[in-house]
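The values are calculated or read from the model by the stated rules, or taken from the named source; none is laboratory data. None of these values were measured; they are calculated from a predicted model. Counting neighbours? That spans all protein chains shown, and the Cβs are built from the backbone with ideal geometry, glycine included. Please note that ligands, DNA and RNA were not included when accessible areas were found on the heavy atoms of the full protein model with its side chains. Shrake-Rupley method; radii C 1.70, N 1.55, O 1.52, S 1.80 Å.
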Amino acid sequence: LFDVLKKYNLESIKKCEGVLPIIVECFEGEALERFAELSDLPLIRLLDQDTLEATPLLKDISKYAHGIGPRQDFIFDNEFLSTAKALKLQVHPWYIQDDMLKHTDNPIDENILYMDMGVDGMFTEFPHMTKSVYEDQIKKNKMKQFLQ
């Protein structure tokens with residue numbers, strides 16, 4: 001990945017500014033640790049373990065990543081979420097699906113639920129819905145802005 005980004009002159013935050021925002025996400029911690037040595041691009045460690053297994057990993061993850069991408073149900077574990085926030089890790093749950101709702105009866109409320117939990121971004125299979133809900137919530141001053 002780094003070689004491809006370098007080929008297109010996109011391997012750093014400065015080189016991406018005004019061209020294309022890039023966030024590197026990966027389930028493999030070692031790969032992200034290595035990438036952190038090569039670039040200052042934002043790194044998100046994706047998590048698929050149980051929260052009891054993942055919470056102790058957060059301190060190590062904070063040494064090389066800017067944030068975590070936990071499964072969406074992790075957001076409701078107060079210890080997990082507060083530990084991540086205390087370590088100044090961005091939280092971007094994955095993946096929000098309008099056609100497979102987990103906690104509400106409609107996709108608008110589902111998106112708002114995660115935004116209200118204080119996540120910093122979301123991985124979604126329906127970006128048009130998440131973007132429109134996000135913009136509506138910003139207009140209503142009901143939430144802070146996600147990372148741009």
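Against the conditions (1) in a loop (DSSP other than H, G, I, E, B); (2) open to solvent by 90 Å² or more (accessible area, probe 1.4 Å), Glu53 satisfies every one except (1). Going by what's in this entry, would Asp48 be described as modelled with pLDDT under 90, under 18 Å from Glu25 (Cα atoms) and part of a loop (DSSP other than H, G, I, E, B)? For Asp48, the condition - modelled with pLDDT under 90, under 18 Å from Glu25 (Cα atoms) and part of a loop (DSSP other than H, G, I, E, B) - is met.
If the condition is being assigned to a loop (DSSP other than H, G, I, E, B) and open to solvent by 50 Å² or more (accessible area, probe 1.4 Å), then the range 20-45 contributes Leu20, Pro21, Ile23, Phe27, Glu28, Asp40. State all residues of the range 97-124 that are assigned to a loop (DSSP other than H, G, I, E, B) and either touching a Lys or Arg at 6+ places or on another chain (Cβ under 6 Å) or buried (at least 16 other Cβ atoms within 10 Å of the Cβ) (or both); if no residue qualifies, say none. Selection gives Asp98, Val119, Asp120, Gly121, Met122, Phe123.
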